[in-house]
Each structure stands twice: as C-alpha cells, then as structure tokens.
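Only one structure is covered here, and it is reproduced in the block below.
The values are calculated or read from the model by the stated rules, or taken from the named source; none is laboratory data. Note that this is a predicted model, so its numbers are computed, not measured. We place every Cβ from the backbone using ideal geometry, glycine too, and count neighbours over all the protein chains shown. Note: accessible area is taken over every heavy atom of the protein model, side chains too, but ligands, DNA and RNA are not part of it. Shrake-Rupley method; radii C 1.70, N 1.55, O 1.52, S 1.80 Å.
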Amino acid sequence: MSSVSSLDSESGQHSDEEVPETLTDENVNVSLTSEHSPVNGFILLQKARLPGALVNVVGVVVSYTPNRKSSGTDYTCSLTLVDPSIPNNVKGISVNIFRSRKEHLPDLSVGSIFIGKHLRINTFHETTQLVATKEESTFKVICDVANQNQQFPFNMRQHAKEIMAYANYLRRWCASLSNSKVGNYTSITSSRQRRRIEELSPHIFFDLIAEVVMVYPTENAVDLYVTDFTENKLLGNREYRTNTPYGLSNESILQITLWDEHAEDGEDLQIGTFVLLQNLHAKINTNGDLVAALHGDRELRRKKINVLDKNDVEIAKLIRRRNAYYEEHQNSLEYHERDSSPELESDTTEQSITRIKCNNNIKLTDIDDIKDCPEPVGLFRTRGRVISVIPSNFEDFSRPYCHRCNKIMNFAEYENCTQCFKKLKVFKYDFGLLFEDELGAGTLPVLITNEDANTFLDGLPPVNLYKNPMVLQKLKDRMHKLLGNVLKSQASCGPLIDFCVMSYEVEDECNKFIRIYKMFDTILED
C-alpha cells in the first residue's frame with residue numbers, strides 16, 4: 001500500500017490515504033468500503049468537499065448539457081457524475097468545463113466514464129460543484145471500456161491501468177445494481193413532479209421527458225416543440241397550426257419557449273433528440289393553447305436541458321409509447337413509410353390546396369396588374385400556377401443560417417458561416433417559385449423564405465433535409481400537389497391556386513432598386 005497525505009501542501013490537491021497499488025474486484029470492494037478511491041491520487045466524489053481544493057475524480061456521466069458559448073469568451077458544458085459513494089437520494093455532483101475552443105469540449109454520452117484531473121472544488125448556492133478550468137484541468141472520457149487502447153493525457157498515463165480497471169468496475173456496478181441514477185438519471189428525486197403531456201394543466205411547474213420534433217429559433221428565444229406521445233385536449237386549440245411534424249396530432253405536441261441562457265442550449269438540439277427538461281412552467285397563451293416556458297433564474301449554472309441516451313430506461317418506455325401511438329394512428333404510420341409519393345397530373349387544377357390566412361376579402365388582382373402597380377410596397381391576392389422552381393432539388397430548399405450575419409448560406413453542406421466563420425446549426429427555408437396567370441400571359445417570381453416559408457410549409461421544420469428523410473418525404477408529398485410534373489417537363493405546370501404576395505423594393509449591387517415579391521400568409525395544405 002502507498003500512503004499520501006489527504007491534502008498536498010504544495011498544490012492544494014485533495015487526495016486519499018492508503019490506496020491499493022493494483023486493482024481487483026476484491027480491492028475495489030475494500031477501498032470503497034473504507035471510503036477511498038481505488039485509483040492512486042484520486043478521491044471518491046462524496047469526498048469533494050473543501051472549497052478551493054484541486055481534486056482528481058472518476059465517475060459515471062448521468063446527464064449533460066449541449067456545448068455552448070459561456071457568458072464570457074470561452075465555451076462551456078456541464079455534466080453530472082455519480083459513483084458508489086453518492087447516496088441514492090442525491091442526484092450526483094456537477095462538473096462545469098470551460099475551454100477556449102468549442103471543439104476542445106468533451107464528446108459526452110450518458111453512461112460514459114469521465115476522468116478529471118485538477119478540478120477545482122467550488123460552492124454555488126450551497127451546492128458543491130467541480131470546475132475544469134482551461135488553465136489547470138485535464139479530462140478524459142471513456143465511452144467503450146472494452147477498448148483497452150485508450151489515449152490518456154500525459155498526467156494520467158501513470159494511472160491508466162488503475163483507471164481502466166475502475167472504469168470497468170463502475171460499468172459493472174451500474175449494471176448489477178440496477179442503479180437508479182445511471183442509465184436512468186430521470187428517476188433521481190426532484191422538487192417538482194415529472195409529468196407526461198397528458199397530465200399537464202395550467203399554472204404548474206414540472207419536469208418532462210420528451211423527444212424533440214421541431215426547433216424554431218426566434219430573435220430573443222427558441223421555440224422548442226416536443227412530444228412524449230401522449231395527448232392533452234388543452235393542446236387542441238391550434239387553428240393557426242393545422243399541420244404538425246411527422247403526422248403527429250396537435251394534442252400530442254407541446255410548445256416550450258426557451259429564454260435567456262436556455263435558448264442557446266435549445267438552439268443546438270437536433271430533431272429526434274431525447275431530453276429531460278426541468279422546471280418548466282405551464283400556462284395558456286393568447287390562442288387558448290397550453291404551452292410551457294423555461295426562464296433563466298438566479299441558478300444560472302444549473303442545467304435544465306439534459307440530453308438523454310437512447311438506452312435510458314425511461315427512453316425505452318417513451319419509444320414503446322411512440323410505437324403504440326403509430327399503431328393507433330395507422331394512417332399516419334403508413335404515410336411515413338411510403339418510399340415514394342404519387343405523381344399528380346395537371347388534372348388536379350380544381351383542387352383547393354392552399355389556404356390564405358390574411359383577409360380573404362382582399363380584391364383578386366391579376367399578375368400583370370401587380371407588376372404594374374406604381375407603389376413599391378403592397379399586399380395582393382392573386383391566382384396562378386407554378387411553372388418553375390428554384391432550386392430544383394428539394395434537399396436544397398432548407399439551408400444553414402447565421403444569426404450573427406443574418407444570412408442564409410448558398411449550400412446546405414456549409415458547416416460555418418462564409419462571413420464570420422461561426423459554426424452553423426440553424427436551418428431556414430429559402431426557395432423560389434415562378435407563377436404564371438390563368439391565361440399563361442404574365443409571370444411573377446415569388447420568394448419563399450424565413451417566417452413566410454414556415455407559414456407556407458406549416459408543420460414542416462426547417463432542418464437539414466439531406467439528413468432528415470422523414471421531413472424531406474413530407475415536403476416532397478406536399479410540393480408535388482403544387483408542382484404537378486413541373487420538375488419532369490418544362491411544358492408542365494401545377495394546378496391553379498390562390499395566394500397572397502407582398503411586394504417591396506431592395507437595392508442591388510449596382511445601387512438600383514429592384515422589386516421583390518414574397519409569399520405572405522399563405523399555407524400549402526397537407
């Protein structure tokens with residue numbers, strides 16, 4: 001046995017007394033019973049108590065937040081760790097990591113093993129936290145403990161064998177004890193009640209486990225749409241949103257507005273992600289619909305958006321509900337599983353496939369009269385059929401968007417803004433349709449972008465269509481009603497539709513004003 005002091009006088013590092021030099025299952029049991037970490041120079045999480053001290057720890061990740069920009073110049077993420085020293089009624093200990101570059105933050109998953117060295121103990125609102133600073137801390141994440149060829153930071157290499165043995169033990173501990181925190185973080189006790197969507201009512205605070213189905217960034221917040229595949233009648237008042245993603249019922253989708261520091265976390269969430277959302281506040285909005293909000297508060301560093309692993313026990317329950325939901329709504333399920341959509345010939349010209357949200361009493365104006373209007377700004381209702389579409393590939397209808405530069409990229413594969421080089425994660429629709437009038441005499445180019453596109457394609461989130469085949473298929477199905485065989489033949493055209501356009505003028509590169517027409521308050525029906 002080696003012996004070290006409990007607090008290194010030179011570094012202020014907290015460590016253990018009498019730790020085993022080699023690790024076996026027997027040694028693990030002995031060391032944990034005697035409240036010492038089986039890794040030389042490391043401590044159990046429950047022993048991280050002395051504020052300001054530097055400690056080395058190993059633990060199992062039970063939750064984490066998306067990587068994001070900190071309030072300063074750094075990037076940060078948070079995670080929660082447990083080990084056998086953490087009591088069952090304690091959720092774990094939080095670790096906040098700061099790095100100068102976002103790509104230097106760890107790639108986390110629930111159940112992975114986190115090794116941190118020189119983490120500083122901090123207290124925040126009487127809660128102990130560990131902080132991994134960019135100046136003095138190093139870390140390692142092990143996702144596959146069976147892989148013995150792990151690359152450790154230099155200052156961990158002398159303990160690599162002990163760390164790997166302890167990591168294997170922690171994985172067995174998780175499995176054999178059916179631990180309520182690991183792989184099922186959501187069972188940890190909470191001051192609020194966790195509820196399903198079907199159990200929600202106004203004026204309550206609650207936690208929710210759900211799947212993300214839509215993400216809509218706005219100027220000051222992010223609207224997150226989630227489902228747990230249960231239904232609530234208070235969600236059925238959405239006359240303003242007739243179409244919902246993936247064929248889900250209005251009554252199964254909850255809109256959650258994320259404010260303050262949570263907006264940036266929510267903006268990074270991908271569709272299909274499973275999340276635990278904490279401290280949500282339910283209310284009825286002006287449309288009479290039950291919604292929820294997540295505001296910032298004095299606990300700014302407490303994570304309230306936790307990404308959950310697909311192997312989580314609670315997620316398995318949610319997936320079973322999802323399968324049962326689609327079995328009950330068989331028509332929707334068959335709709336999603338179609339490999340191709342039927343071609344619609346031009347004999348569909350009498351079918352009403354659009355709905356105008358603005359005043360239907362607006363006078364119908366011919367396309368030529370709209371173009372001849374002397375006023376640069378105007379709102380018109382007109383009638384026409386599509387004869388061309390740009391771009392021709394549906395996958396390119398939605399492209400990355402940079403908030404900082406207020407710019408939609410030219411290509412969907414761009415990962416960084418071409419101006420400020422910021423990492424891009426938000427997509428926006430941006431495409432154009434060329435309409436001709438009933439007589440085929442006049443044409444009008446119409447731009448469909450930003451919020452007008454969200455209205456036009458109501459219920460279809462602007463996502464990376466190259467990576468979201470389900471959304472892409474729904475887009476194709478809906479657009480085929482509008483386009484007919486336009487994409488296959490230049491002589492073809494779509495059915496006649498009524499729609500609204502707004503005209504305005506912009507200055508081009510030659511300092512000349514050109515008139516633009518954009519789709520306005522028109523919905524392409526599902």
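Residue check: residue 68 meets all listed conditions (1) more than 27 Å from residue 172 (Cβ to Cβ); (2) open to solvent by 60 Å² or more (accessible area, probe 1.4 Å); (3) touching a residue at least 60 places away in the same chain (Cβ under 8 Å) but one, namely (2).
On the stretch given as the range 432-457, residues that are touching a residue at least 60 places away in the same chain (Cβ under 8 Å) and open to solvent by 10 Å² or more (accessible area, probe 1.4 Å) total 10.
I'd like to check something: does the range 353-375 contain any residue that is open to solvent by less than 50 Å² (accessible area, probe 1.4 Å), assigned to a loop (DSSP other than H, G, I, E, B) and modelled with pLDDT under 75? There is at least one residue in the range 353-375 that is open to solvent by less than 50 Å² (accessible area, probe 1.4 Å), assigned to a loop (DSSP other than H, G, I, E, B) and modelled with pLDDT under 75.
Of the residues making up the range 334-350, none is modelled with pLDDT under 70, in the same structural domain as residue 270 (by the TED database), buried (at least 17 other Cβ atoms within 10 Å of the Cβ) and not in a strand (DSSP E or B). Restricting 482, 475 to residues that are touching a Pro at 6+ places or on another chain (Cβ under 8 Å) and in contact (Cβ under 8 Å) with a residue 60 or more places away in the chain narrows the list to 482.
Checking the structure you have, find out if any residue of the range 421-431 is touching a residue at least 60 places away in the same chain (Cβ under 8 Å) and open to solvent by less than 20 Å² (accessible area, probe 1.4 Å).
So far as the range 421-431 goes, yes, one or more of its residues are touching a residue at least 60 places away in the same chain (Cβ under 8 Å) and open to solvent by less than 20 Å² (accessible area, probe 1.4 Å).
Looking at the range 415-507, the strands (runs of 3 or more DSSP E) lying wholly inside it that each contain 3 or more residues that are more than 19 Å from residue 398 (Cα to Cα) sit at 497-507.
Residue by residue, here is whether (1) open to solvent by less than 10 Å² (accessible area, probe 1.4 Å); (2) outside any loop (DSSP other than H, G, I, E, B); (3) hydroxyl-bearing (Ser, Thr, Tyr) holds:
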| site | (1), (2), (3) |
| --- | --- |
| 38 | yes, no, no |
| 59 | yes, yes, no |
| 90 | no, no, no |
| 94 | no, yes, yes |
| 98 | no, yes, no |
| 103 | no, yes, no |
| 109 | no, no, yes |
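For the range 123-141, filtered to residues that are in a loop (DSSP other than H, G, I, E, B) and farther than 14 Å from residue 54 by Cα, the residue that is least open to solvent (accessible area, probe 1.4 Å) is 125. Residue 165 passes every criterion in (1) hydrophobic (A, V, I, L, M, F, W, C); (2) modelled with pLDDT under 90; (3) open to solvent by 20 Å² or more (accessible area, probe 1.4 Å) apart from (2).
Filter the range 111-122 for residues that are modelled with pLDDT under 90 and open to solvent by 70 Å² or more (accessible area, probe 1.4 Å) and give the result. None; the set is empty.
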